[in-house]
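First the structure, in the form of structure tokens, and then the observations on it.
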Amino acid sequence: MRLFFGLRPDPQTALDIINWTERALPPMIHPIPVDNLHVTLAFFGKIHDANIEELFQFADQVQSAPIELVIDQLGYWSKQTILWIGPQEPPQEIFRLAKMLSNIRRRMGFRSESREYLPHISIARRCKIPPPASTLQPEFTLYFDRFTLFESIDIKSGKYYRTVQEWKL
């Protein structure tokens, strides 16, 4: 199983994000489906079924306050060809939560993530060129009171992120 921890926006906010992308940006070839919108906290990659219970036990120990995330910027990563939205000033609590979850990787004997953590929501993949600047900036306030363990499943149209388990913040 390919697993990662993340934060899932509530359904109405997810729809609002999709509606914003349709109004503010040119049509995208590979937009992220509404059901796959999320903020990644820690990517684990392939985890064998034998390690799932240990992963759950470590996640049970994570304690964090709920998180309010103000999404107010549009970004583009040319190397990964990803268009994303995120906060200009992320709250420290999201960094603490991401670090706690990343530490589970280390405690389970997996290699740690080398990239610096930047909270964001990917809105399109395989964007070979950056879109023109939007005159309509994203303005969303997301409130998270739980974090989720997702399984990334390959399907014909791309990826599907199945909820494996959730924990309250």
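Here are some notes:
- On the basis of the beta-carbon distance and an R0 of 30 Å, ALA50 and ILE155 show a calculated FRET efficiency of 0.75.
- Length added when fully stretched, GLN61-ASN103, from 0.36 nm per residue minus Cα-Cα: 13.9 nm
- Volume of the Cα convex hull of segment 86-169, divided per residue and given in Å³: 163 Å³
- Of the DSSP H helices in the chain, those that are both long (alpha-carbon extent of 18 Å or more along the helix axis) and hydrophobic (Kyte-Doolittle mean at least -1.0) are 11-24, 92-107.
- Binned Cα-Cα distances of segment 2-168, short to long, each 10 Å bin given as a whole percent: 10, 38, 37, 14, 2
- Projected area, mean over directions - segment 41-127, Cα convex hull, nm²: 6.7 nm²
- Inter-probe distance in nm under a simple model that places probes 7 Å from Cα toward Cβ, at LEU136 and ARG23: 0.4 nm
- Full extension of the chain between HIS30 and LYS128 gives 34.2 nm of extra length, using 0.36 nm per residue less the Cα-Cα distance.
- Label point distance in nm, SER114-ARG96, each placed 7 Å from Cα along Cα→Cβ: 3.0 nm
Rule-based calculations on the coordinates, nothing more; no lab input. Remember, predicted model here, so these are calculated numbers, not experimental data. Cβ sites come from the backbone with ideal geometry, for glycine too, and all protein chains shown count toward neighbours.
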